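K.L.:
Here it is: the structure, laid out below.
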Amino acid sequence: MKVEMDMTNCGCVGRWSNNGGGGRRSNGGGGGRYSSAFLRKKKMGFLLVPIKIGFLEVVFSLKKHYSKILSRDQELIWFVIIIAGVTRYIMNESEADVHPINTQITEEVDAEDLSIATYESEKINCVDANAESDKDEVNGENILGKVFDTTDVAYAFYNDYAFVHGFGIRIHTTCKNKGTNEPYRKTLVCDKEGFKREDGNTSSGHEKKRRREVRIGCKAMLGISKRKDGKWFVDLFDDTHNHELSITPTKVMKHRSHAKFHRTMECKSLLVQLNQSGLKPSQIKKTINAMKTSNEPDVTSKQCVDVLSEQRKHNRGREFYGLIKHLQDKALVDNDQYYVVDLCSDGCPRNIFWADGRSRDDFTKFGDVVVFDVTYMKNKFKMPFAPFTGVNHHGQSILFGGALLENEKEETFVWLFEHFLKCMFSKYPNAIITDQDKAMGNAIKKVFPNAQHRFCAWHIKKHELEHLRPYISRYSDFQESYKEWVMSDTIEEFETMWEVIRDKYKLENNCWITDMYNQRIHWAKAFLKDIFLAGMTTSGRSESINSFFDDFVNSSTMLNDFLVQYDKAVASRRAAEEDEDFKTMNSRPVLSSIHPIEAKAGECYTRKVFEIFKKEWIEATNNLTHETLSKSTEEIKYRVGQLNVDKKYWRIVSFCLLKKMHVTCSCAKYETCGILCKHILYVMKKRHVDTLPSHYILPRWTLNARYKVGKRSIGLEEMNNKNGVSAYTLWCVRSNFNKVIEQAKDSPLEIENVNNILIKLLQEQEIRKKPIPVENVSQGSCVRISQFNMTPQISVRDPVGPTNMKGRPKIASRIKSSVEGPKKRTCSYCQGLGHYATSCSKSKVDESLQEKQ
């Protein structure tokens, strides 16, 4: 059946065709076009005929109702007639200027598809209506009398209005009820409202530098008042501006009220996390700007500082409490954590010392040499940070513990060293390296009487340039004589040279050189040849640790954050140590020869230490020679050195011919560094020694010294202590016991076995000693370990103000000398100081002479 209908009045000719129940749309059977005026007016091109939703709903409801009683042909005729009538009505109502077109549609109409299109059209109409309403409000219409639930909603509305129109806003006034202190009126103004206040104090005569004017008296504002029902309504609106408005969105976003990205919770939390990771505001700014979308304005360093400052205000007055809380929380995780706090009577902190279990374990293996320095000061209260630093098996700096001190007095150092010794199981270091502070030296004598105290060589050289200058200018050979005296190999040579320079250069008793001579056992090479220092002669290890901490803390770091950053810095150092462990285990050494001595060293030493040994071995095999000084049945003495070096600088090597090989050298490299020198290696090779003796391989330089989780080694020297069981042994046993309980807590059988072993041990102790009453100990009982919190409840507070340290500049992080001063300009042409070659007058004169010639 085919039905055709002429619809010239509505601007189209339609023809419906039923092809056996199937249908398809064809655009090739006819052509048509709307007039340009109609398309501009309706802006719709998806139906060719404008259709109103209300009529369609009526049509489809009637079709659905009568489809039950009409045949298919009658239903189709009826539906086409209804559509034609509706279309004629709509076109007459819209009065559109439409040219007649011929359109052929061959398709079966699906009611469900058209109903979906109807719903979408309804949504579009609703959105258009809302958009028109919002447009009116954005354009300033219908703002007076507008109602808001809260003041924040009103601020957001006016801020959005300002963003569209190109200006920023701020809160101008807030009126509050005197009785309830609740606001009842607020005024929001343009950010250019008012004028900057003039400072009337010009009595000093110095004109204060003023920033550019921003406020120019703009009158634009929006006032809101509170109604009785608690809502707010607009009772004042003025949209008059006396300045140009920002045109582009990128410029509008620069206004403070629109630059809201850095004040969002997501950005704030990210800022705090990056700051806790040790990044500076400038680095945080770059990171966030790289992660944000292009729609958000860039975050500035000043905004990062403001957010971090606001976050620090929450902990103001509670910094020290946060520090103690951090130590207590860490002690719950680390059973071997040690910390002690020295408080004043009013709860103000004086001194704090802490060390975790890993640091205490490291001290048992690498605690032979300790570097101590207090010249680092990186916290809000100017409390000096005093780290205990050592060297691990890779030659890397490690931390044995840290402290925050009140001052640099002798009693403060005594308190710190006593608790450090107690923390490290009463094990004394063999040597300790510090600066020349007298209070520190006196404390070391009291607490570490058997430890060799060595002065930092860097500080001595710094003072040399300051105190030797008059003698160098007066005597031409003084510097050479002084250097020869300092570098004396033996004590006899040192004392002899001292007599010579004292008489020759007329040194006074109170001069710096005489004072250094009186302290010669702390710095002179001849007096320190038998002291193991792990290759260190300066406090540079501590200085390098201090510079490393610069990436994690700064002068504004709060006390509660300082320990968090300390733990992160220590974790970073330990990660570097684990990387070196892996590189050593995952690689094989490259040998320079096939000699078994070098092969044995490559097997035992770590990667970095072997490189030091290899350098000595290559020198021994290629560049050295010798001459025999004496020979006996027990010992042979050689003088070893290079041919192109004066023989007075050659070293004396003694080779013992007893059953156990014993070799010594006058350079004392093995005694001070723990690695055989090139002179000894040369003699070993000449004496046909086929392997490196094990007693010349220090365990601290091997891979066996690496940290192993949960393993504690007890040496025979610890077990055979004459004064009884050492504190270190007790610590190892207690740690192993705790590990057994922790690993067996999931297995009742293992717990029972542990309990049986303990009961058997207790019975043996009862036989050896007097009976000790044990309550409820039976074969089936289980040992329980209870921990009680015996910490007294003491109120703590932050320090009153910054600590006053002796001799430390306020700006510098450590004492600096002329060595670290700014370098003077040096001319590459005339070698003069104070200028470069580009401005050298001599160079210009020579150039002019050459041009004339």
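The values are calculated or read from the model by the stated rules, or taken from the named source; none is laboratory data. Just so we're clear, the structure is a prediction, and the values are computed from it rather than from any experiment. Quick reminder, even Gly has a Cβ in these numbers, built from the backbone with ideal geometry, and neighbours come from all protein chains shown. The accessibility values were calculated without ligands, DNA or RNA, using every heavy atom of the protein model including side chains. Shrake-Rupley method; radii C 1.70, N 1.55, O 1.52, S 1.80 Å.
K.L.:
Looking at V683, V640, V689, which is the one that is in a helix (DSSP H, G or I), of a type in the set (V, I, T) and at pLDDT 90 or above?
P.N.:
V683
K.L.:
Could you list, in sequence order, all residues of the range 439-452 that are in contact with a helix residue (DSSP H, G or I) (Cβ under 6 Å, 6 or more places away or on another chain) and surrounded by 20 or more Cβ atoms within 10 Å (Cβ to Cβ)?
P.N.:
M440, A443
K.L.:
Among the residues of the range 664-672, are any of a type in the set (D, E) and modelled with pLDDT of 90 or more?
P.N.:
Yes - at least one qualifying residue is present in the range 664-672.
K.L.:
With respect to I612, determine if the residue is under 26 Å from A524 (Cβ atoms) and part of a strand (DSSP E or B).
P.N.:
Answer is no for this residue.
K.L.:
Would you please list the contacts, defined by Cβ atoms under 7 Å and residues six or more apart or on different chains, that run from a residue in the range 277-288 that is over 13 Å from C267 (Cβ atoms) to a residue that is surrounded by fewer than 17 Cβ atoms within 10 Å (Cβ to Cβ) and small (G, A, S)?
P.N.:
As it stands, the answer is P281/S301; S282/S301, since those pairs meet every condition given.
K.L.:
While we're looking at this one, here's another question. Take E577 and decide whether it is open to solvent by less than 20 Å² (accessible area, probe 1.4 Å), assigned to a helix (DSSP H, G or I) and charged (D, E, K, R).
P.N.:
Yes; evaluated as a whole, the condition is true for this residue.
K.L.:
If you don't mind, there's one more thing I want to ask. With the condition kept exactly as written, say whether any residue in the range 650-671 is under 26 Å from R607 (Cα atoms), in contact with a Lys or Arg (Cβ under 8 Å, 6 or more places away or on another chain) and either of a type in the set (V, I, T) or assigned to a loop (DSSP other than H, G, I, E, B) (or both).
P.N.:
Yes, there is a match, as at least one residue in the range 650-671 is under 26 Å from R607 (Cα atoms), in contact with a Lys or Arg (Cβ under 8 Å, 6 or more places away or on another chain) and either of a type in the set (V, I, T) or assigned to a loop (DSSP other than H, G, I, E, B) (or both).
K.L.:
So E619 passes all but one of these: (1) open to solvent by less than 60 Å² (accessible area, probe 1.4 Å); (2) touching a strand residue (DSSP E or B) at 6+ places or on another chain (Cβ under 7 Å). Which condition number does it fail?
P.N.:
(2)
K.L.:
A further question follows. Any chance you could count how many residues in the range 182-229 are over 24 Å from M253 (Cβ atoms) and either modelled with pLDDT under 75 or of a type in the set (A, V, I, L, M) (or both)?
P.N.:
14
K.L.:
Continuing with this model, one more query. Looking only at the range 187-198, how many residues end up being under 22 Å from F157 (Cβ atoms) and open to solvent by 40 Å² or more (accessible area, probe 1.4 Å)?
P.N.:
Number satisfying all stated conditions: 1.
K.L.:
Which one is nearest to W523 (Cα to Cα), of the residues in the range 467-490 that are open to solvent by 80 Å² or more (accessible area, probe 1.4 Å) and of a type outside the set (S, T, Y)?
P.N.:
M487
K.L.:
For the structure I just gave you, tell me whether L399 is of a type in the set (A, V, I, L, M) and within 27 Å of the chain's Cα centre (by Cα).
P.N.:
When the stated conditions are applied, L399 passes them.
K.L.:
Could you pull out the residue among E493, E508 that is open to solvent by 40 Å² or more (accessible area, probe 1.4 Å), in contact (Cβ under 8 Å) with a residue 24 or more places away in the chain and not basic (K, R)?
P.N.:
Exactly one residue qualifies, and that residue is E493.
K.L.:
At pLDDT 80 or above and in a helix (DSSP H, G or I): does that describe Y566?
P.N.:
Here the answer is yes, as Y566 does meet what is asked.
K.L.:
When the range 325-350 is examined, which residues are found to be outside any strand (DSSP E or B) and under 24 Å from D362 (Cα atoms)?
P.N.:
Selection gives H326, L327, Q328, D329, K330, A331, L332, V333, D334, N335, D336, Q337.
K.L.:
Still on this structure, please answer the following. Just checking: which of the helices (runs of 4 or more DSSP H) contained wholly in the range 465-533 hold 1 or more residues that are at pLDDT 90 or above and under 30 Å from D368 (Cα atoms)?
P.N.:
478-486, 491-504, 512-518
K.L.:
I need a count of the residues in the range 223-280 that are among the aromatic types (F, W, Y) and open to solvent by 80 Å² or more (accessible area, probe 1.4 Å).
P.N.:
0
K.L.:
With (1) loosely packed, with under 13 Cβ neighbours inside 10 Å; (2) modelled with pLDDT of 75 or more; (3) among the hydrophobic types (A, V, I, L, M, F, W, C) as the list, and I741 as the residue in question, which single condition is left unmet?
P.N.:
If we test I741 against (1) loosely packed, with under 13 Cβ neighbours inside 10 Å; (2) modelled with pLDDT of 75 or more; (3) among the hydrophobic types (A, V, I, L, M, F, W, C), just (1) comes out false.
K.L.:
Residues of the range 430-466 being touching a residue at least 40 places away in the same chain (Cβ under 8 Å), of a type in the set (V, I, T) and more than 13 Å from M536 (Cα to Cα), which ones?
P.N.:
I460
K.L.:
Okay, next question. Keeping to the range 320-348, report how many residues are in contact with a Pro (Cβ under 9 Å, 6 or more places away or on another chain) and open to solvent by less than 10 Å² (accessible area, probe 1.4 Å).
P.N.:
2
K.L.:
Among the residues of the range 399-437, what is the count of those that are buried (at least 24 other Cβ atoms within 10 Å of the Cβ) and of a type in the set (V, I, T)?
P.N.:
Within the range 399-437, residues that are buried (at least 24 other Cβ atoms within 10 Å of the Cβ) and of a type in the set (V, I, T) number 1.
K.L.:
Working only within the range 580-603, note down all residues that are without any contact (Cβ under 8 Å) to a residue 40 or more places away in the chain, surrounded by 13 or more Cβ atoms within 10 Å (Cβ to Cβ) and either part of a loop (DSSP other than H, G, I, E, B) or of a type in the set (G, A, S) (or both).
P.N.:
Of everything in the range 580-603, those that are without any contact (Cβ under 8 Å) to a residue 40 or more places away in the chain, surrounded by 13 or more Cβ atoms within 10 Å (Cβ to Cβ) and either part of a loop (DSSP other than H, G, I, E, B) or of a type in the set (G, A, S) (or both) turn out to be P589, L591, S592, S593, A599, G602.
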